[in-house]
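Q: Mind looking over this structure? Questions follow.
Values in this text are rule-based calculations from the coordinates and carry no lab data. The model shown is predicted, which means the values in this text are computed figures rather than measured ones. Quick reminder, even Gly has a Cβ in these numbers, built from the backbone with ideal geometry, and neighbours come from all protein chains shown.
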Ligand SMILES: Nc1ncnc2c1ncn2[C@@H]1O[C@H](COP(=O)(O)OP(=O)(O)O)[C@@H](O)[C@H]1O
Ligand SMILES: [Mg+2]
């Protein structure tokens, strides 16, 4: 699209102003107030454009690319297992994990050690958007696996509009995990009839334990979550956190308040294969749960020590810093598949073509064994390194060999190539 036309479509308020000036009539100004128009329209990259790129690919030389962060090790390990070379797009200063310590060593093409074939180190992650880097990825017949670092460090609209590299996953669904977007994950959970923690519209209505979800003021990509059981506690805690610079007043205004589900956390790492013809298209690969910064420290303190903490240490933070693996009691499994089925069906209806590949339903289970989904990752989950290389009881059992999310994703590409169905797994 012509860049000027594209800019105008993306900034409709400018367009209305333009029309007003040309028309010059006051009545027109009142008729089309620019603030009434959406600030920015999304121009989702046409899937056909991606298909044309795939048509030009030499699939015998396909590679797997990923932003080197989040769950990239699992992705690169899986690529290795399925015989695809891996490209890790690194940020300078955070590159050594991939470029040095997990760098692959090959002899006669066979991997002897490590998992990253080609670390590309750039000053920032968003350099991946540069036309010459995208061209470099395409020239390597690369398939990109979106992870949370990709969507955090690169603007969502740039991924949607301008990232001309085939992605295994659903480009149009990535935005739904931004809480507060019009069609965010809560919206689709409601459409799908899947339970999620009840929203509290006004903090004055807090009458039992709730979690307040908002961004951290200083740690840009982290959470400034806190809990409260009453409006009084909400006011006291939020005041203290604002004073400590952990949260801002503005972020608090836009926070989501929801009921805190008292129970264990299970992140369900699912996979959806649109190309599967005989067996279930939905697979449960693994279950993980997270270690979260000071929250985990708090639960390891005996009550008297907890009670003695001063104001600055009293409220735990929820920054993810590790993962663990879990299984579920068997009678709960049926419920997880039911949720996954509903979710997949709703994504097909509302986000055509719907979910592709890995996705993660992040759940809590209450005392009556009811699941509530408090978060959805419409892409590889953040905790899949937990089953990297060793696989997971569920994935391994299903596939009769070690099956991690990274490997399953690479295997999907391998199967799609063999079945001549690559277009069905890319957007
Ligand atoms: N409704 C809830 N009830 C209980 N715990 C919750 C709830 N929502 C979130 N949490 C806790 O907060 C953590 C982060 O929440 P999440 O919504 O996944 O945030 P993010 O979008 O930053 O990943 C979870 O791992 C879980 O421990
Ligand atoms: Mg989450």
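Q: Kindly rank 103-112, 150-159 from highest to lowest mean number of other beta carbons found within 10 Å of each residue.
A: Numbers: 103-112: 11.0, 150-159: 17.8.
Those peptides, ordered most packed to least, come out 150-159, 103-112.
Q: Give the order of 419, 80 when sorted by the count of other beta carbons within 10 angstrom, beginning with the fewest.
A: 419, 80
Q: Cut-off is 10 Å between beta-carbons; in what order do 312, 230 appear when sorted fewest neighbours first?
A: Values: 312 11, 230 15.
Result, fewest neighbours first: 312, 230.
Q: Moving on. Quick one: check the C-alpha center-to-center distance for the stretch 204-231 versus the stretch 253-279, whole angstrom.
A: 20
Q: Right, another one. If you average the alpha carbon positions of the stretch 123-190 and of the stretch 304-380, how far apart do those two centres end up, in angstrom?
A: Cα centroid to Cα centroid, the span is 22 Å.
Q: Averaging over all projection directions, find the projected area of the Cα convex hull of the chain and quote it in nm² with one decimal place. If you can, show how the numbers build up before the last one.
A: Details: hull surface 99.0 nm².
The directionally averaged projection comes out at 24.8 nm².
Q: Moving on. According to a simple spin-label model (label point 7 Å from Cα along Cα-to-Cβ), what is the distance in nm between residue 178 and residue 291?
A: Placing both labels 7 Å along Cα→Cβ, they lie 3.2 nm apart.
Q: Next question, about the same structure. Where the convex hull is taken over the Cα atoms of the stretch 47-167, what is its projected area averaged over directions, in nm²? If you can, show how the numbers build up before the last one.
A: Working: hull surface 28.5 nm².
Hull-based average projected area comes out at 7.1 nm².
Q: Restricting the count to DSSP beta bridges whose residues both fall in the chain, what percent are antiparallel, rounded to a multiple of 5?
A: Antiparallel bridges: around 70 percent, rounded to the nearest 5.
Q: I've got another one for you. Kindly put 226, 337 in sequence by how many other C-beta atoms sit within 10 Å of each C-beta, fewest to most. Walk me through the numbers before you get to the answer.
A: Details: 226 25, 337 15.
By the 10 Å Cβ count, ascending: 337, 226.
Q: Can you tell me the mean projection area, over all orientations, of the convex hull of the stretch 203-259's alpha carbons? Units nm², please. Numbers along the way, then the final one.
A: Values: hull surface 13.3 nm².
Taking a quarter of the hull surface, the average projection is 3.3 nm².
Q: Modelled label-to-label distance, residue 313 and residue 59, 7 Å Cα→beta-carbon offset: nm?
A: With each label point 7 Å from Cα toward Cβ, the separation is 5.9 nm.
Q: Got the relative contact order for the chain handy, in percent, Cα pairs under 8 Å and 6 or more residues apart? Don't jump to the answer; show the numbers that get you there.
A: On the way: 803 pairs, mean separation 77.4, N = 427.
About 18 percent, as a whole number.
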